[in-house]
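Note sheet for the following structure.
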Amino acid sequence: MFRDCEELYNFLTHHGEVMVVLDSDREYELHTHDTEIVDVSDKVEDGVKRTVIKTVGMKDGEYSVVYFSADAVEHVYVHEEN
């Protein structure tokens with residue numbers, strides 16, 4: 001759905017809030033104030049620059065930090081006011 005994390009983050013920035021559904025069927029509500037792009041290139045040894053999305057929030061009453069790649073996103077829901 002998204003080529004990379006920057007494209008996903010730009011989409012989020014444009015809409016302010018989006019709900020993403022990952023290929024694992026997990027759903028996350030993303031907001032610009034608690035979502036960022038994180039460089040994880042130092043975690044792999046192939047020398048290729050890699051980034052992931054990091055978002056934080058509450059899930060089932062617990063503080064949660066989630067990392068996922070842009071290519072894991074299957075669907076996006078956007079709420080727009082008319």
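Just so it is clear, none of the values below were taken in a lab; they were calculated from the coordinates. Here the structure is a predicted model, which is why all the values come from computation and not from measurement. In this analysis, Cβ positions are derived from the backbone assuming ideal geometry, glycine residues included, and neighbour counts consider all displayed protein chains.
Tabulated results
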quantity	calculated
Centre separation in Å (Cα based) which lies between segment 49-82 and segment 28-42	8
Per-residue [θ]222 nm for the chain (sum of -39500 (n - 2.57) over DSSP H runs n ≥ 4, rounded to 500)	-4000 deg cm²/dmol
Gain in span if fully extended, V66 to T32, counting 0.36 nm per residue against the direct Cα distance	10.8 nm
Segment 14-61: trypsin sites (Lys or Arg not before Pro) in DSSP coil with no more than 13 other Cβ atoms inside 10 Å	R26, K49
Under 11 Å, Cβ to Cβ, from H75 - net charge with Lys/Arg +1 and Asp/Glu -1	-4
For q = 0.13 Å⁻¹, Debye-computed log10 I/I(0) when each Cα of segment 5-79 counts as one equal scatterer	-0.38
The chain: angle of helix 5-15 to the longest principal axis, Cα-based, in degrees nearest 10	20
Per DSSP, loop GluC sites (Glu not before Pro) in the chain with at most 15 further Cβ within 10 Å	E45, E80, E81
Neighbourhood net charge (13 Å Cβ-Cβ; Lys/Arg +1, Asp/Glu -1) for H14	-4
Proximal charge balance of I37 [Cβ under 10 Å; K/R count +1, D/E count -1]	-3
